[in-house]
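The values are calculated or read from the model by the stated rules, or taken from the named source; none is laboratory data. Everything numeric in this text was worked out from a predicted model, so none of it was measured. Calculation scope for accessible area: heavy atoms of the full protein, side chains included, ligands and nucleic acids excluded. Shrake-Rupley method; radii C 1.70, N 1.55, O 1.52, S 1.80 Å.
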Amino acid sequence: MRSKIVTALVVAGLAAPPAAAAATSPGVASIGAASFTKAGSTVTVPEQGACSAAGPTSTTAEAVTRPGITFGGGTSSCTPSKSTATGKNFELSALVPAGGPRVRLSTFTVTCEGTQTQTNATWTYGGLSGIANPPSPVPAGYVSPVRKPDGTALANAVFNIQELPGDGSIGLTMLRIDFLPASGVTGSVRLGSTSCSPTP
């Protein structure tokens, strides 16, 4: 199993919000969620380990296994100034019947922290297999195709998804896996999301 730690940092300066911009939700984090359909059967994993500065401010998630996917549990904590979610032992086997790889991630953490002058969002992961590691630093919205041995793309793994509305807040998703038609699966899986705003 390939194992690598990657850290991505997003910094947003405090600015006046544009009239059309929608601010991110302050002080939230979650381990992830999934919703996908294969052969007419839908698999849904609701939001795992979700926390919010408005409550619940901390959550412990137990392992959840559904056909084709496992979230291994984790923890989250949220305050008005800092939000963190940590997950472990994720496995996606939904691509295996189509000849694709088994995707595993042994650990991952997302954090968003706000001060009076700026916000910082970071993420790290370790023990990734089934998806090629992204470059470091990771560009925003970096796409790493998940392929069969013959090169057919079955899904797109999108790393470092950023939402920067322009008001100084940040929304960050570490990884989203979008299934492609060749997989016979529709839907997506999301891992590691957080957002925060500058503190008063």
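For LYS82, give me every one of the aspartates and glutamates with a C-alpha distance below 14 angstrom, ignoring sequence neighbours fewer than eight places off in its own chain.
Filter leaves GLU113.
Using a 1.4 Å probe on the protein heavy atoms, what percent of the accessible area of the range 70-179 belongs to carbon and sulfur?
Ligands and nucleic acids excluded, carbon and sulfur give 50 percent.
Shape call for the range 62-155 from the C-alpha gyration tensor, a ≥ b ≥ c root eigenvalues: rounded (a/c under 1.5), prolate (a/b greater than b/c) or oblate?
oblate
Where is the GNM fluctuation largest for the chain (alpha-carbon springs, 10 angstrom cutoff): THR117, THR173, THR107?
Taking springs between Cα atoms under 10 Å, the residue moving most is THR117.
So who's got an amide H within less than 5 Å of the one on THR107, skipping anything under 5 residues away but keeping other chains? H placed 1.01 Å off N, in plane.
Correct list: ASN89, GLY126.
Over the chain, with the other protein chains present, what is the accessible area per residue in square angstrom, probe 1.4 angstrom?
44
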